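Input: a single structure, listed below in structure tokens.
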Amino acid sequence: MNIAIVILNWNGKKLLEQFLPSVVKHSKDADIYVADNASTDDSVLFLKSHFPKVKIIKNSENGGFAKGYNDALKHVDTDIFCLLNSDIEVTKDWLVPVKQSFIDNPKIAIVQPKILDFKRKDYFEYAGAAGGFIDKFGYPYCRGRIFNTVEKDNGQYDDISPIFWASGACLFIRSNVYEELGGFDESFFAHMEEIDLCWRVKNKGYDIIYNSNSEVYHIGGATLSNTNSKKTFLNFRNSLFALVKNAKGNVALLVFIRLILDGIAGLKFLLEFKFIHTLAILKAHLSFYSHIHSLLQKRKGIKHKTKYYRKTSIVWAYFVNRKKFYKSL
């Protein structure tokens, strides 16, 4: 079983310089690719001169995370794609337990390793932590991270466990499943597209797991930080995209409740004088309305099998019931 590691890059020479050596050192049995999203820095020249064995795929434009990977993976022939952020440090033998999971169970389509914080290595990292879940209104959370509360790694999630979604920061997926589903939805551009992909994988009846025997360290926010209003826009809009496309049941009611909850979030930002984020949520909703027709068309092509989500609101649990940690839910 072959693994190809594909790192999407856009003007990330400094990140490649810092993190690519660990990938090369600890991934002897894998092919390594850097998919360059039409960078304007000297990333490609740097790769050619310092990492001649790393294969380079040149995308013709910066289509974001979704289109960037869709374009690049057409040029990669392998059994397993590893989609790896450029700001991740990997560890010795990190590929071994992941490969074994795929060998042991043909139903497993996606695997996520334990994702820890590069800056605080005894803490989980925001983007993925110990595996992702979602509530019925489309709000994502993780074992090890609910909203902005990030847990310390005390071995509480040292296991191999089913999850709902795997982080796009480090996601292993069978190439045939990726191709069967048509890859990422390019209308997402960036953020939440991996949740949409995982939701479609679950709706197809495949399994997604977290394997703590593989560990990586992620900086996070290297492309867009959590304080960036564009990230707020993409997260709120794309979460609605995924909900309409994939949710089981009365999606109109779910969206109505979700829009109210988003409005409360916008009000919270307003009271915190974060006006630009309130505006970002408003723009996200307007963009969502303009895409409703195409989203409903996509929904028709999906069988909504999965019930693997939290039936009550994670927003209520966290903000009202003050349940800050996964194990208290």
> According to a simple spin-label model (label point 7 Å from Cα along Cα-to-Cβ), what is the distance in nm between ASP29 and LYS311?
Replying inline: 4.2 nm
> Cα gyration tensor of the stretch 281-321, axes a ≥ b ≥ c as square roots of the eigenvalues: rounded (a/c below 1.5), prolate (a/b > b/c) or oblate?
Replying inline: oblate
> Rounded to the nearest 20 Debye, what is the dipole magnitude of the chain about its Cα centre when Lys and Arg each give +1 and Asp and Glu each give -1 at the C-beta?
Replying inline: 1220 debye
> For the charge dipole of the stretch 136-203, defined by +1 on Lys and Arg C-beta atoms and -1 on Asp and Glu C-beta atoms about the Cα centroid, which residue among THR149, LEU181, GLY168 has the Cα displaced farthest towards the positive pole?
Replying inline: THR149
> Looking at this model, which pairs from LYS107/LYS248; LYS114/LYS245; LYS119/LYS298; LYS274/LYS298 are more than 30 angstrom apart at the alpha-carbon?
Replying inline: LYS119/LYS298; LYS274/LYS298
>> As an exercise, use a Förster radius of 22 Å and the Cβ-Cβ distance of ILE160 and ASN2 to find the FRET efficiency, rounded to the nearest 0.05.
In response: 0.50
>> Test of understanding: what is the full-extension gain from LYS121 to ASP77, defined as 0.36 nm times their sequence separation minus their Cα-Cα distance?
In response: 12.5 nm
> Tell me, PHE133, PHE164, PHE273 in order of fewest to most beta-carbon neighbours within 10 Å?
Replying inline: PHE273, PHE133, PHE164
> Using only helices, what value at 222 nm comes out for the chain when you add -39,500 (n - 2.57) per DSSP H run of length 4 or more and divide by the total residues, to the nearest 500 deg cm²/dmol?
Replying inline: -12000 deg cm²/dmol
> Across every pair of different alpha-carbon atoms, what Kirkwood hydrodynamic radius in Å does the stretch 229-328 reach?
Replying inline: 14.8 Å
>> Give me the net charge for the shell around ALA109: Cβ to Cβ below 11 angstrom, other residues only, Lys and Arg +1, Asp and Glu -1.
In response: +3
> How far is helix 229-246 tilted, in degrees, relative to the longest principal axis of the Cα atoms in the chain, given as a value from 0 to 90 rounded to the nearest 10?
Replying inline: 80 degrees
>> Give me HIS191, HIS291 sorted ascending by neighbouring Cβ count inside 10 Å, so fewest comes first.
In response: HIS291, HIS191
>> Test of understanding: ordering VAL54, VAL96 by Cβ neighbours within 10 Å, fewest first, what list do you get?
In response: VAL96, VAL54
>> Between 0 and 90 degrees, rounded to the nearest ten: what's the tilt of helix 251-271 against the longest Cα principal axis of the chain?
In response: 90 degrees
> Got the relative contact order for the stretch 229-328 handy, in percent, Cα pairs under 8 Å and 6 or more residues apart?
Replying inline: 37 percent
> Of LYS204/LYS231; LYS231/LYS303; LYS58/LYS300; LYS14/LYS58, which sit over 25 Å apart, Cα to Cα?
Replying inline: LYS204/LYS231; LYS231/LYS303; LYS58/LYS300
>> Suppose the chain between ASN62 and ILE103 were pulled fully straight at 0.36 nm per residue; how much longer would it get relative to their current alpha carbon spacing?
In response: 11.3 nm
> Roughly how many debye, to the nearest 20, is the charge dipole of the stretch 229-328 about its Cα centre, given +1 on each Lys and Arg Cβ, -1 on each Asp and Glu Cβ, and no other charges?
Replying inline: 580 debye
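Read-outs throughout are calculated quantities, based only on the coordinates presented, and are distinct from any laboratory measurement. No experiment lies behind these values; they were computed from the predicted model shown. Neighbour counts run over all protein chains shown; Cβ positions are idealised from the backbone, glycine included.
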